[in-house]
Ligand SMILES: Cc1cc2nc3c(=O)[nH]c(=O)nc-3n(C[C@H](O)[C@H](O)[C@H](O)COP(=O)(O)OP(=O)(O)OC[C@H]3O[C@@H](n4cnc5c(N)ncnc54)[C@H](O)[C@@H]3O)c2cc1C
């Protein structure tokens, strides 16, 4: 009988990293459970039509500036170098985003683009990234015009579709994710390390979780095993409000409906993702072949429709970072502190934080090093 020292709830990046560290570095037994019928969390991928690797819960592109996180994950995968490119459909053209100097040349008359470029470089410096909401307060009239244009054409409606909130209502960390980039670098991310796991995320997770001290049980909800292992410590990476039975109120999340479709053409679009800020109900279309580098006679794409999270109906994908949700989270953080030593919360849903995959991994590594590795 496998008698675990630890229960890790959730087999995404957070849960898998903690299970791997506890199993191999602490040499303690871990039972990882996930209510879904697979490991991998939101990064789960599988071979779809034409054998193209598709991401069930939306496109996931790995990027990080942290050598530590890169080195850690590189123990479990080889990588395929990949720079993500995104176009937005603006004023009838497909133009590169984040908005940069190439976008400026693409959308404005040449003379005007040149003058605005000079103002941008003089005011902020070449290579800088400036949040749109910040540029809207610029002294220079042309820069205010540009910020206003980008706000209206690229940012405002996309944000409304994605979050059902106005950009000003969201935490500034969200709007900072969509800056104006004073550069000709068209890549969507500028991180030092950008790549896709060569055999996909599911393979990476399999390698992380294959260890004599680790057992994985999918299609297993925490409720169904709660109390079975009274001496085991618990790491919970599901929604923190759900753990506490919503006693301080339900936290809001954003969900997404994915519509996957295939086409009998080599490529459906020129880059990995095309955003549609102003047209249609979906926010963006991603074509997986660009991400995986596979060749096939046909192709597979996914459209994303943001929607409200309704428990039992869809999945809580995004915590919603606003001042109100930060206050609503506090009582739960207080409850979590009281349980420490027995139960820990981490991850996008456990911390209620808008983490990327590298941040989820980094948070898990830091929790392990600071608090868990000293436990015996
Ligand atoms: C559409 C979309 C696109 C994204 N694109 C990117 C990207 O390009 N690059 C990037 O770096 N990041 C991206 N992310 C973010 C990325 O998905 C997260 O950073 C990552 O999944 C966080 O890992 P996690 O382990 O904290 O959470 P998750 O991956 O959400 O894993 C939590 C797991 O816990 C399970 N669980 C919850 N409650 C219970 C319970 N009670 N019992 C049992 N199991 C439970 C869930 O089923 C889930 O599998 C994207 C996210 C979304 C939604």
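Coordinate-derived values only; no laboratory data. As the structure is a computational prediction, the values presented were derived from the model and not from experiment. Glycine gets a Cβ as well: all are built from the backbone with ideal geometry, and neighbour counts include every protein chain shown.
Here are a few things to note about the model shown:
- Relative contact order, whole percent, for the range 86-181 stands at 31, derived from Cα pairs under 8 Å and 6 or more residues apart.
- Three principal axis extents describe the C-alpha atoms of the range 46-174; from largest down they are 51, 32, 31 Å.
- Each part gets one Cα centre, and for the range 1-35 versus the range 315-376 those centres are 16 Å apart.
- Separation between Cα centres of the range 107-121 and the range 145-214, rounded to whole Å: 26
- Axis angle, to the nearest 10 degrees, between helix 110-124 and the longest C-alpha principal axis of the chain: 50 degrees.
- Sorting the segments 158-170, 342-354 by their residues' average number of neighbouring beta-carbon atoms within 10 angstrom, most packed first, yields 342-354, 158-170.
- Ascending count of other beta-carbon atoms within 10 Å, so fewest first, for 2, 62: 2, 62
- Gaussian network model of the chain, springs between alpha carbon atoms under 10 Å - residue of 130, 174, 121 with greatest fluctuation: 121
- Angstrom value of the Kirkwood radius, inverse mean 1/r, which spans all Cα pairs in the chain: 22.2
- For the peptides 22-29, 236-243, the ranking by packing is 236-243, 22-29, with the highest mean count of neighbouring Cβ atoms within 10 Å listed first.
- With Cα atoms, 0 to 90° folded angle of helix 357-367 axis to the chain main axis: 40
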